[in-house]
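Everything on this sheet refers to the single structure shown next.
The values are calculated or read from the model by the stated rules, or taken from the named source; none is laboratory data. Source: prediction; values computed, not measured. Methodologically, a virtual Cβ is constructed for each residue, glycine included, from the backbone with ideal geometry; neighbour enumeration extends over all protein chains shown.
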Amino acid sequence: MTELNEKTDIKSLTREELTAQIKDMGVPAFRAAQIYQWLHEKQAVSFHEMTNLPSELRGQLEEKYALVVLRPVDVKISAIDGTRKYLFGLPDGNVIESVLMKYKHGNSVCISSQAGCRMGCRFCASAIGGLARSLRTSEMLEQVYRIQKDIGERISNVVMMGSGEPLDNYDNTLRFIHMVTDEWGLNISQRSITVSTCGLVPEMRRLAEEKLQITLALSLHAPDDETRRKLMPVANKYSLKEVLEACHMYFETTGRRVTFEYSLVRGVNDNLEEAKALVRLIRDQHGHVNLIPVNPVREREFVQSSAGAVTAFKNYLEKNGINVTIRREMGRDIQGACGQLRRSYLEEKERENAGLCAY
């Protein structure tokens, strides 16, 4: 289990692991259930809050365990749709971002799985600067917990589409899914969890074998290998044939249809020829296409497709039997695209440090 300054990260322990460790301390097992409830249901920020535990035990916990609690560095609220974007500080000084989106059907949180990303997708701000590190399970859980505490409302859906590639942090992502859906924690339905991947084929197959009821979302973004390689370096390692075979396996193994994420970039992948190729590519897949008008990123040259091109693309897919939606744009006025707020923060820090060095 992850160590923080030689202390065990208690919030990353499953209920079974925590129970075993509490027993090893010579403490009755029922105390583990109380501690777990404080951590994951009541979301305590210190051991001293755990008032139904003996003070001696609280002291032992403080000595043995690290309690990870994320601190908000910045929170931006959209004047357009109420979307909230959080920049959280990690214990080691790294920063990550999370987004709260309010829908009629409930509150959805988009979380990060890594600080930065090493996948290098050309249209994504998360990859600028590369990967700092993968997140611990506790740091993924904390994004959900802090936002739920902040708004005072239940989070009903979690989307792993923030900074990072969840399947590049496979073990912690899987642990997160089990813990956030645990009846002793937030008890979010597995069907309300979406995990996005740029197409790491071995991990997609491994995830299928877990037989979870989550939704797998593939960042597809192109109907052919040549165009996809221009947008996504991972396409140099795994062909569309391999990726789609993994998607088919996921559906056959879990019964859950895959979502195909398709960011529309003007002049790159948004004309009717690409739409026709996409229909040919996924016609036999049990899936759903989510069209995403690409969010402009200052450091990238890509431009969002026109409204007419987006509509024409959608209409063609529908006429040819493909289930498709256009993702509703949210939080555009607060740097809603993945990685933008974190990137702005890091740039400001760099300027501050450069200013200090000048003296």
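Applying the set (1) in the same structural domain as ALA115 (by TED's automatic domain parsing); (2) part of a helix (DSSP H, G or I) to ILE35 leaves exactly one unmet item: (1). For the range 70-93, the criterion of being surrounded by fewer than 16 Cβ atoms within 10 Å (Cβ to Cβ), assigned by TED's automatic domain parsing to the domain that holds LEU186, at positive phi and not acidic (Asp, Glu) is satisfied by at least one residue. Checked against (1) touching a residue at least 60 places away in the same chain (Cβ under 8 Å); (2) crowded, with 19+ Cβ neighbours inside 10 Å; (3) over 30 Å from ASN236 (Cβ atoms), ILE96 passes all but condition (3). Annotation note: Cβ proximity below 6 Å between a residue of the range 19-38 that is hydroxyl-bearing (Ser, Thr, Tyr) and a residue that is assigned to a loop (DSSP other than H, G, I, E, B) (sequence gap 6+ or interchain) occurs for THR19/ALA29; TYR36/TRP184.
The condition (being in a strand (DSSP E or B) and surrounded by fewer than 22 Cβ atoms within 10 Å (Cβ to Cβ)) is satisfied by just one residue among ARG122, ARG133, ARG175: ARG133. Kindly list the number of the only condition in (1) surrounded by fewer than 19 Cβ atoms within 10 Å (Cβ to Cβ); (2) in a strand (DSSP E or B) that fails for LEU57. Evaluating LEU57 over (1) surrounded by fewer than 19 Cβ atoms within 10 Å (Cβ to Cβ); (2) in a strand (DSSP E or B) leaves (2) as the failure.
Is it the case that the range 99-114 has a residue that's modelled with pLDDT of 95 or more, in a loop (DSSP other than H, G, I, E, B), among the small types (Gly, Ala, Ser) and buried (at least 20 other Cβ atoms within 10 Å of the Cβ)? Yes: the range 99-114 contains one or more residues that are modelled with pLDDT of 95 or more, in a loop (DSSP other than H, G, I, E, B), among the small types (Gly, Ala, Ser) and buried (at least 20 other Cβ atoms within 10 Å of the Cβ). If the condition is being touching a residue at least 40 places away in the same chain (Cβ under 8 Å), part of a loop (DSSP other than H, G, I, E, B) and buried (at least 17 other Cβ atoms within 10 Å of the Cβ), then the range 39-53 contributes only GLN43. The listed residues are ILE193, ILE155, ILE214, ILE177, and the only one of them that is over 25 Å from ILE10 (Cα atoms) and either modelled with pLDDT under 95 or in contact with a strand residue (DSSP E or B) (Cβ under 9 Å, 6 or more places away or on another chain) (or both) turns out to be ILE214.
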